[in-house]
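Q: Before anything else, here's the structure in question.
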Amino acid sequence: MYKKVLYALDIDSKPYLLKAIALADQLNAELFVGYATNLDEQLFSDDAYLGNTVGDDIVNTEKAELESKIQALITDTTINRDHVCIVNGPVGMAIERLATNLSVDLVVMANSHHYFSFLSKNALLIKLATHHDFLSLS
């Protein structure tokens, strides 16, 4: 039985978020939402080219916009804001790391996002499935 589910958020698809919520409700499981970004990498790059102050301003603006977009997505849902995590790094590794840290039983991804559909290919599924069950929503 699944007690904790992690949905790897496709930030451009509220319908898939609603599907993940419905799935967690059906399973009577606690739902977490994870979004992977490379803001830390951008911070390093922007500092190198633009200087610390300008680089920080660019990344902080992008982070605020991202948080605002995620807040708009979860508004009018049953998702607890404390269960929404923004993690840094390449999507597959960042979601795997988050799933491990949260001790989830099931990782759910929507295949609507180009990168998520790439992750759902069989060879890459093996990496995720070694530690967690995996479900791709279509």
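Laboratory data are not the source of any read-out in this text; all were calculated from the coordinates shown. Nothing here was measured: the structure is a model prediction, and the numbers come from that model. Every residue, glycine as well, gets a Cβ built from its backbone with ideal geometry; the counts of neighbours run over all protein chains shown.
Q: Full-extension gain between GLU62 and SER138, please, as 0.36 nm times their residue separation minus the C-alpha to C-alpha distance.
A: 24.5 nm
Q: Starting from 0.36 nm per residue, how many nanometres of slack lie between LYS3 and HIS83 once their C-alpha separation is accounted for?
A: Fully extending the segment from LYS3 to HIS83 adds 27.4 nm.
Q: Where the centroid of each part is defined by its Cα atoms, how far is segment 57-103 from segment 6-41 in Å?
A: Here the two parts' Cα centres lie 9 Å apart.
Q: Right, next: By counting other Cβ atoms within 10 Å of each Cβ, how are SER136, SER103 ranked from fewest to most?
A: Numbers: SER136 16, SER103 11.
Lowest to highest Cβ neighbour count: SER103, SER136.
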